[in-house]
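Working notes, beginning with the structure itself.
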Amino acid sequence: MNSNLQMDAQLKTVLVVTAGLGIVSALISLVYFKSTPIVLGVLSGCVLGLLNFVFLIKIVVKLFDQNYKSKSVIAVFFLLKLLVVTVVLWLSFWYTSVDKMAFAEGYLCLIVSITLVQVMGTQTSY
């Protein structure tokens, strides 16, 4: 039970740190580059990374839940998530002027925040 609470605190900390890194990165890119496509790329990458992470958490929790019997629904949900991510990426790159490198930088805020939370440990409790 205690490890579940610690895991929940770490996941919440990862989400908060990712959002903070995304906002800081967007502000730095706004000041340094003064380019709307770059700022939109950083923000959209960070938001998509956060949403993808939250959906993956929900899928994994349902997958390892002993009371949840329908594993095929999980597979369909996962495929639907992949389809939504593909459509969002295609729309953002094809129809808008979102910068692809800035999008990757925004998406990588999630990786950096996971690393920071693991290295620094969870200091705060939510």
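Where a number appears in this text, it was derived from the coordinates with a stated rule and is not lab data. Predicted model, so just to flag it, every value in this text is computed and none were measured. No Cβ is skipped: glycine too gets one built from the backbone with ideal geometry, and neighbour counts run over all protein chains shown.
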Could you tally the net charge around residue 56, taking each other residue with its Cβ under 13 Å from the Cβ of residue 56, Lys/Arg +1 and Asp/Glu -1?
+3
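What length, rounded to one decimal in nm, is gained on full extension from residue 87 through to residue 71, with 0.36 nm per residue of separation minus their alpha-carbon distance?
Numbers: separation 16, 0.36 × 16 = 5.76 nm, distance 2.46 nm.
3.3 nm is the gain from fully extending residue 87 to residue 71.
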Return the calculated 222 nm mean residue ellipticity for the chain, to the nearest 500 deg cm²/dmol, obtained by summing -39500 (n - 2.57) across DSSP H runs with n ≥ 4 and dividing by the residue count.
-30000 deg cm²/dmol
Sum of side-chain charges, residue 35 neighbourhood, beta-carbon under 14 Å (Lys, Arg +1; Asp, Glu -1):
0
For residue 62, the aspartates and glutamates lying under 20 Å Cα to Cα, once residues fewer than eight places off in the same chain are dropped, come out as 8
Computed FRET efficiency, Cβ-Cβ of residue 104 and residue 9, R0 35 Å: what is it to the nearest 0.05?
0.75
For residue 34, give me every one of the aspartates and glutamates with a C-alpha distance below 14 angstrom, ignoring sequence neighbours fewer than eight places off in its own chain.
99
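Relative contact order for the chain: what is it in percent, counting Cα pairs under 8 Å that are at least 6 residues apart?
Numbers: 111 pairs, mean separation 55.6, N = 126.
Value for the chain: 44 percent.
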Report which label in (i) 85, 26, 21; (ii) 40, 38, 23; (iii) 50, 37, 18 holds the value of Cα extents along the principal axes in Å derived from the coordinates of this structure.
(iii)
Any lysines with Cα under 25 Å of the residue 58 Cα? List them, leaving off those in the same chain fewer than 8 positions away.
12, 69, 71, 81
